[in-house]
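I have placed the structure first, in the form of structure tokens, so that the comments after it can refer back to it.
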Amino acid sequence: MIDKRIIIERLFSLVTSFFAMCVVVLTTFIIGLVLINGLDKLTWDFLTLPPTGTMDGGGILPIIEGTVMLVLLMSLISVPFGTAIALYLNEVSSKGAVYNYTMSSVRTLAAVPSIVYGLFGLAFFVNIMGGGLDFLFGYEERVFRERCLLWAAMTMGVLTLPINIIAVTEALKMVPQEQRHAGLCFGYTSWEVIKWIVFPQAKGGILTGLVLSVSRGAGEVAPILFVGVAYFIPNFSGELLDQFMYLGYHLYVLATQSPNVDETLPIQYSTTLVLLMLTFGFNSVGQYMRWKNRKKLQR
Amino acid sequence: MEVEKKALVTKALSITYPNGVEGCKKVSIAVARNEVTAIIGPSGCGKSTFLKSLNRLNDEFGCVYEGSILLADGTNVLALNQYELCLLRGERVGYVMQKPVPFSGKTIRQDVTMPLRGINVTDKDEVNEKLRHALTRAALWDEVKDRLDNLSTSLSGGQQQRLCVARAIINAPEILLLDEPCSSLDPKATQLLESMILDLALDHTVIIVTHNMQQAQRVAARTAFLYEGELVEYDMTENIFSKPSEKLTRDYIVGKFS
Ligand SMILES: Nc1ncnc2c1ncn2[C@@H]1O[C@H](COP(=O)(O)OP(=O)(O)OP(=O)(O)O)[C@@H](O)[C@H]1O
Ligand SMILES: [Mg+2]
């Protein structure tokens, strides 16, 4: 009897640790592969020159610029809106039927496949909003009704919005209700409760959640396929109404459209490395903030 | 019962939760000034509901009130607007919860002086003076005076509860509401808190909810017995415990039900 229990116990820890190891091995393998193959091409020139020829030479500067710009604009849209919406839902609204309905809509939105956001962006932002603006300003040719950085950023913003809201909500929920009530009991207004009690405690969680959701957005390609990403533009203009290049999409192009596979393979690896560094960078910032905040609260 | 100097009077106060539960039914009570009044009764009888209405914390739970709550100067608590309510809670009615609520990440100094930010007291000397005074009255000053910049969460449970009392009295409220303040404390910490309550009652009106009848006998001059949301009996504490006039009260204090 005892023997059987011990065997099951051993087996249990063996099986679970095996799967845990698989994750570690897989991560190490992927990163190792990309590092080994991508590192020697990752020169200063690669980062600061535009691509040449059929993209089998030169660097990836406009692609980095386009990616960074898109991520920034996207955050500018989704972070303030997401935080405001989460604050309203959790701290201001009375948590009745409207709250439950809104929250489940947000959860549903977060689960919508990203390609659907792409189609939504094309239909809503490019055609309806862009077309509407053109009509308003009386333009004959298409000015706003074009695939461009602006609509791409908005599409990405909408994609990350529910993720943001959920992240901020989770952070706000970490603050116990009694603390809010204690604040009200010594005469704080609900805004003062948020500012002086909830926010200082939820700050770390909010920032972490925001950074992680932004980094999640930065890794997406599907939503911008139809709304602004370009196959090849040697120079990134930075204009809101121009098209742009994007790391994730560029990888896809390199992998599938290149006539010369041997030439582009190292470029592919280096580009992947840059993309990974970018998203890992975001992630580690998030992790660091979480760690630092936990330290501060536990001092 | 007759009360001469009243600090707070409720008239036919009924409180209904959004789910239809009537937490208090037509409770009329006159609380005497600068005395300790205990509210006792079995679990779920509406003690907390009653107490949380006196500073309208029950607004947060969506309660609907009927009747009135009058302070000594005639203020009807139920008629205050949001802003007046904040002033009332900040300056006139202090509240201490059942479990101590220290704010994580705040030092003892910051924690106790939180209420001062709300009413814009920022002068350093004034803040320090109020801090010292509040902590002294809460019988905590000697224990923490050398570690005011440690985190408030680093204090023991009993100390945290006295810290919450200090926070509640830092603006010298007339009325102090305590909801089972000793329920998470050991006998020694309880004793300390009780003697602190008796000291505070010299110049505060204290209303304390307790399910501990010995505690009511030890600290309260008057005691009110609630049962199923109704005020069954309200009298001097010794009368309640030695010669209660209601059978229900008698059954409760001899422990026939709890
Ligand atoms: N937020 C709420 N929503 C709905 N009903 C509630 C709520 N809080 C309390 N009640 C109900 O109101 C009644 C009185 O509860 P209350 O908390 O005032 O009791 P109590 O006397 O303080 O009990 P205890 O000694 O256990 O703390 C109970 O029937 C309870 O179920
Ligand atoms: Mg209670």
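The values are calculated or read from the model by the stated rules, or taken from the named source; none is laboratory data. Just so it is clear, the model here is predicted, and its values are computed rather than measured. As a convention, Cβ positions derive from the backbone with ideal geometry for all residues, glycine included, and neighbour counts pool all protein chains shown. Surface areas here come from the heavy atoms of the whole protein model, side chains and all, with no ligands, DNA or RNA. Shrake-Rupley method; radii C 1.70, N 1.55, O 1.52, S 1.80 Å.
Assorted remarks:
- Spans of helices (runs of 4 or more DSSP H) in the range B:1-118 with at least 1 residues within 15 Å of ligand 1 (Cβ to nearest atom) and more than 14 Å from chain A (Cβ to nearest Cβ): B:47-54
- Residues satisfying the criterion are present in the range B:194-212 (criterion: within 16 Å of ligand 2 (Cβ to nearest atom) and surrounded by fewer than 20 Cβ atoms within 10 Å (Cβ to Cβ)).
- Candidates A:73, A:87, A:11 - the one that is modelled with pLDDT of 90 or more and closer than 30 Å to residue A:241 by Cα: A:73
- Which numbered condition residue B:54 fails, given (1) among the hydrophobic types (A, V, I, L, M, F, W, C); (2) within 16 Å of ligand 2 (Cβ to nearest atom); (3) buried (at least 22 other Cβ atoms within 10 Å of the Cβ): (3)
Matching residues to (1) touching a residue at least 12 places away in the same chain (Cβ under 8 Å); (2) over 14 Å from residue B:93 (Cα atoms); (3) of a type outside the set (A, V, I, L, M, F, W, C); (4) open to solvent by 30 Å² or more (accessible area, probe 1.4 Å):
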site	(1), (2), (3), (4)
B:18	yes, yes, yes, yes
B:23	yes, yes, yes, no
B:37	yes, yes, yes, no
B:73	no, no, yes, yes
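- Residue tally, condition closer than 17 Å to residue B:163 by Cβ, within 14 Å of chain A (Cβ to nearest Cβ) and either among the aliphatic types (A, V, I, L, M) or more than 16 Å from ligand 2 (Cβ to nearest atom) (or both), over the range B:173-192: 4
- Subset of the range B:119-142 (residues that are buried (at least 17 other Cβ atoms within 10 Å of the Cβ) and assigned to a helix (DSSP H, G or I)): B:127, B:130, B:131, B:134, B:135, B:137, B:141
- Residues located in the range B:78-112, provided they are of a type in the set (Val, Ile, Thr) and surrounded by fewer than 20 Cβ atoms within 10 Å (Cβ to Cβ): B:107
- Given (1) crowded, with 22+ Cβ neighbours inside 10 Å; (2) polar (S, T, N, Q); (3) closer than 22 Å to residue B:3 by Cα, number of the condition residue B:49 does not satisfy: (3)
- Residue in the range A:193-206 that is at the interface with another protein chain (Cβ under 9 Å from one of its Cβ atoms), touching a residue at least 40 places away in the same chain (Cβ under 8 Å) and in a helix (DSSP H, G or I) present: yes
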